[in-house]
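One structure below.
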Amino acid sequence: MSSTTHSAVKSIKIYGHVSAMPEKFAGLFNGSVATEVEPESDVAIFVVNPSAGIDEATISMWRAFEEFQTPRLVLVTVLDGMELDFEDAVMVGNRVFDSLVTPYLVLHGDSGTPIGTISLKDFSTKDYSTNPPTPGTADSELQEMVADFREEYLDHMVEMEDGAFAAGILFPALPVNLANGLGLDLVENYLASLPSSS
C-alpha cells in the first residue's frame, strides 16, 4: 500500500512501542516517528499493539500533549492470532490515556481473522478481505450484537460538536491491519477532517 499526501496536514507525528510498528505507519501517512512531544504537530497518532500493551513512554507522551490540545488518534493493530484484541486495547487506553471513542468495531471472518469494520454511527460495514474492499450494511443480527457498543458511542457523541477531534477534545481509537488494509481509510478520513495549517 502506498503512502498518500496530506496537503491539509503539515506535521503528523507517530508515537508507540516498537512492537506496534510506528515506523510503518509513519511511512503510510507521510509522518515521522517521534520520541518527544512536538507541540507544533498538527496531529499525534499513537499506535498500540494489544499484545504488548501501552508502555510508560507512550503514556507520558500522551499526557504531555494535553496542554496543547493537539488532535490525537489511537490506532490499534489487529492481527491474526492475537490473544488480546481491539476491545482489550481500548479498555487499557481508557485507563491510561483519556476516554477514547470507538466509532468502528472489528469484524472477524469464520477463521477469526480480522477482515472488516462496522460503523457504530450508521451500521455500515466494510469487508477488507476483498480487493477493493466491499462496503455493506450490517444485518439485523449484527446490529443487535453491537447495540450496546453503539448506544455507548452515541451517548458519548451527544456531548461533542462537529470538529471535536480537530479541537483535541475527542480521541478516536481505530482498528488497523497493515496486511489487508483494514481501517487505513478510516485514518485517512480523520486526517482529512483536520483544517489546513497553512
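Readers should treat all values here as calculations from the given coordinates under stated rules, not as data from a laboratory. In this text the structure is predicted, and so the values were computed from the model without any measurement.
Points worth noting:
- Gyration tensor verdict on the range 10-123 (Cα atoms; rounded if a/c is under 1.5, prolate if a/b is larger than b/c, oblate otherwise): prolate
- Estimated vicinal HN-Hα couplings, Hz - the range 52-65 in sequence order (Karplus 6.51, -1.76, 1.60; Gly, Pro = x): 8, x, 10, 6, 4, 4, 5, 4, 4, 4, 4, 5, 5, 6
- Partner lysines whose Cα lies under 16 Å from the Cα of Lys13, excluding those fewer than 8 positions away in the same chain, are identified as Lys24.
- Our summary of shape: the Cα atoms of the range 91-174 have principal axis extents of 36, 24, 23 Å, ordered from largest down, in whole angstrom.
- In whole percents, the pair-distance distribution calculated for the chain from its alpha-carbon pairs, binned every 10 Å from zero, is 9, 37, 39, 14, 1.
- Note: relative contact order over the chain, using C-alpha pairs below 8 Å and six or more positions apart, is 23 percent.
- Potential lengthening between Ser193 and Leu154 on full extension [0.36 nm per residue; Cα-Cα distance subtracted]: 12.1 nm
- Two-decimal log10 I(q)/I(0) for the range 70-140, as the Debye equation yields it once each C-alpha is a single scatterer, q = 0.23, 0.24, 0.28 Å⁻¹: -1.13, -1.17, -1.30
- For the range 151-189 versus the range 29-59, the gap between their alpha-carbon centres in whole angstrom: 16
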